1. Specify the angular offset, from 0 to 90 degrees and rounded to the nearest 10, of the alpha carbon long axis of helix 55-75 from the longest principal axis of the alpha carbons in the chain.
2. What nm value, rounded to one decimal, do you get for the distance between Ser42 and Leu7 when each label is placed 7 Å out toward the C-beta?
3. Rounded, prolate or oblate, given the Cα gyration tensor of the stretch 20-60, with a/c below 1.5 counting as rounded?
4. Which distance in nm do the two modelled labels at Ser54 and His28 give, with both placed 7 Å along the Cα-to-Cβ direction?
5. Rounded if a/c is under 1.5, else prolate if a/b is larger than b/c, else oblate: which is the stretch 2-46, with a ≥ b ≥ c the root eigenvalues of its Cα gyration tensor?
6. To the nearest µm²/s, what D does Stokes-Einstein give for the chain at 37 °C and 0.692 mPa s, using the Kirkwood radius over alpha carbon pairs as Rh?
7. Would you list Leu6, Leu68 from the most to the least accessible area, probe 1.4 Å?
8. Taking the 0 to 90 degree range and rounding to the nearest ten, how far is the long axis of helix 35-49 tilted relative to the main principal axis of the chain, both from C-alpha atoms?
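The values are calculated or read from the model by the stated rules, or taken from the named source; none is laboratory data. It should be emphasised that the depicted structure is a prediction, and the values quoted were computed from it without experimental measurement. Quick reminder, even Gly has a Cβ in these numbers, built from the backbone with ideal geometry, and neighbours come from all protein chains shown. All accessible areas refer to the heavy atoms of the entire protein, side chains included, with ligands and DNA or RNA removed. Shrake-Rupley method; radii C 1.70, N 1.55, O 1.52, S 1.80 Å.
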Amino acid sequence: MSLLNLLSLQDDEIDTVTTVVRKWCSDHHVPIDGERGRAAMSEAVRLTMAGEKSAPMLAEALSRHMRLDQFKRRRD
């Protein structure tokens with residue numbers, strides 16, 4: 001998913017996505033402009049485009065996805 005998809009979101013959705021991703025990156029000591037930060041942003045945009053509009057639910061879904069992604073990376 002391209003981060004250009006972020007531009008297709010409404011202003012309030014962009015605010016929610018960026019807030020959730022910034023918090024996730026801060027909590028996990030991950031630079032937002034690094035590989036994991038960009039992956040988190042892409043996933044948050046995907047989740048929002050799929051209909052997840054609530055910040056708490058988006059944060060939970062993002063955390064769940066990133067944990068699974070990290071687990072998959074360790075197994076490879």
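1. Value to nearest ten degrees: 30.
2. 1.8 nm
3. oblate
4. 2.2 nm
5. Because a/c hits 1.5 or more and a/b fails to exceed b/c, the stretch 2-46 counts as oblate.
6. Answer, rounded: 267 µm²/s.
7. Values: Leu6 35, Leu68 105 Å².
Per-residue accessible area, sorted high to low, gives Leu68, Leu6.
8. 40 degrees
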